[in-house]
1. Would you kindly derive the ³J(HN,Hα) couplings of segment 134-147 from the backbone phi angles with the Karplus curve 6.51 cos²θ - 1.76 cosθ + 1.60 (θ = phi - 60°), listing them in order in whole Hz, with x for Gly and Pro?
2. Not counting ligands, DNA or RNA, and with a 1.4 Å probe, what is I332's accessible surface area in Å² rounded to the nearest 10?
3. What lysines sit close enough to K425 to cross-link, taking a C-alpha to C-alpha distance under 25 Å and skipping anything fewer than 8 places away on the same chain?
4. At a 1.4 Å probe, what is the % contribution of carbon and sulfur to the accessible area of segment 283-390?
5. Share of Cα-Cα pairs in the chain beyond 42 Å, in percent?
6. Which log10 I(q)/I(0) values, to two decimals, does segment 244-394 give at q = 0.09, 0.12, 0.21 Å⁻¹ under the Debye formula with one point per Cα?
7. With every protein chain left in place, what is the accessible area of L203 in Å² (1.4 Å probe, nearest 10)?
8. Using only Cα atoms, what is the ratio of the radius of gyration of segment 333-460 to 2.2 N^0.38 Å?
Amino acid sequence: MSKKTTRRTFVKSTAALGLGLWAAGGVSARPSRSALEEIGFGCIGIGNKGSEDSADANNTERHGSRVVAVCDIDDETLANDKEKFPGAKQFNDYRKMLEQMDDSIDAVTVSTPDHTHAVAALMAMRMGKHVYCQKPMTHSIEEARMMADVAREKKLMTQMGNQHTANPVLRQSAALIKAGVIGPVREVHIWTDRPVWPQGIGLKVNEPPTPAHVHWNEWIGPAKHRPYSDAYHAFKWRGFWDFGTGALGDMACHTVNMAYMALNLRNPTSVSATTDKHDGNCYPASSVIEYEFPELDGRPALKMTWYDGGKKPLHLLTDCPKSKDDNGRERIYSSGALLIGDKGKFFSPGDYGGESATTGLIVDGEFTQQLRLDLKAEYVRSPGHFMELTNAIRGNGKPVSNFDEYAGGLTETTLLGNLSVWTGKKIEWDASKMVATNMNDESVAKMVRHDYLNGFTIHA
C-alpha cells in the first residue's frame, strides 16, 4: 500500500471496485483478505440485538474489524460493555460520534429502534461510511427508497440484519423454486407467532420518572416527544406506531425472505388488511394482510397473504410436516411459509427460512424432504452474513441483502402492508411515485413520508 494511500481511502476504493465474486452452486466462497488494516466500526445501539452486531464488528480474528466508537442512550449499557471494547470512545448521541470520530470510522452498525434506523444510517452513509443496519431497514417506505438510492450513489457496501439470508437452506429453497420445482407460483402464505410483546387497542402505558442512566431525548430522536415509559424501552417499542413496525415489520424481513429471493416480491400493486383494529397508538393484536403482485420478468402475477397474532392458513397446512410439543404431540408450526404452484406446494417452517429436515415439496399430499431432491439448482453459498459485508468493504463481492438491490425492495414490500393496517382499507399502490392512487389521505402520506422533529432529519 502506498504511503500516500490512507487506510480509509483504500477501504473506499476497494469497496467501490467490488473485486471478486461469490462462488455458485453451493460451493463455499473463499474470503480474500488484503493486507488492509482493521476496518474501524462505530456501533449505534449496543444493547439487545446491538450486542450481537457490535460483537461481530469487534472481531479482528474473523472479520478483521474493530469497534473504535460506541453509542447508546443507556449509560448502564455503555458501562457494562466498556471492557468489551477497550479504547472505544463512548457517546449517547450518534451525531456527535460520527462528527468527532469521522477519521477513525469506516463503517457503522445501526441496531436501534426502527424509527431511528434511517436518520442514523443516512447521516453515516452521506459521510461515506459503509452500513450494517438491523431489520426492518427503515420505519417508512420513503426512508427505504432513500437509503437504497444513497448506497447506490455513494457506491457503499451495505447489509440489512436479516442474517438468515446467508442460510444455505433458505438459498437452496429459493433456487429450487426458481428452477420450477413446484411450477409457476400463484400463492404465497406467510405466518408468524409475533407479536410476543404487548400491543393492541387500549394498551395502558405507565409513565414513571426517567431513570438517570437513560438519555430519553436521544431515544425519542425524530419522533413526537412523549414521557419515558418502560412500556417502550428497551424491547416493547415494537408494538407502537411511532417507534416500531409491528409484527409485520419485526418478522417479515425474515419469514418472507425466502419467497422474496425466489420470486422477486417487490412493488406490489395493492394491499388489504383485516385486523383486530387499532387506536393509532399500538398496532393491532392480530392481522391478515393480502398483497397482490403483477407479472414480473416471466414470473406470473400472484397473491401473498401474511398472518400474525395467532392467525394461520390452517386449511392449507393439513398435509404439511408438523412440529412436536414437549409431550410429543404434533402441532402446526407457529411460523412458516407455504408457496403454492401449479405442480405442488413448497413448505418452509420456522421464522428464518427453514430447517433441512422439514423443508420441502408436497405433491398430492406426499412430502419430500427438499435437500434430498436430485435437482440441480445453483445457489451462492455465503461465507457468513456479516463477513459478506467486511469482505465487500475490502473489495471482494457484494453482500446479498444490500440496500440498493435487495433489502430496500424487501423493506418497501413489508412496510406497505402497514398502510392498509393503518387505514383499514385496501391500498392501490403506485410504487414508482410512492403514492396510494385510490385515496387522498394525509395520514397515509405521512406514513409513507414521515415528519422529523427535534432536529433530526433524513435529508442532506
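1. 5, 7, x, 3, 9, 9, 9, 5, 4, 4, 5, 5, 5, 5
2. Only protein atoms counted, so the area is about 50 Å².
3. Cα-Cα hits under 25 Å: K277, K303, K311, K312, K433, K446.
4. 46 percent
5. Counting pairs separated by more than 42 Å, the tail of P(r) holds 14 percent.
6. Ignoring solvent entirely, the Cα scatterers give -0.36, -0.63, -1.50.
7. Roughly 60 Å² of L203 is accessible to a 1.4 Å probe.
8. Output field value: 1.46.
The values are calculated or read from the model by the stated rules, or taken from the named source; none is laboratory data. Owing to the predicted nature of the structure, the values given are computational and were not obtained by experimental measurement. Note that we place each Cβ from the backbone using ideal geometry, even for glycine, and neighbour counts take in every protein chain shown. We work out accessible area using only protein heavy atoms, side chains counted, and drop any ligands, DNA or RNA first. Shrake-Rupley method; radii C 1.70, N 1.55, O 1.52, S 1.80 Å.
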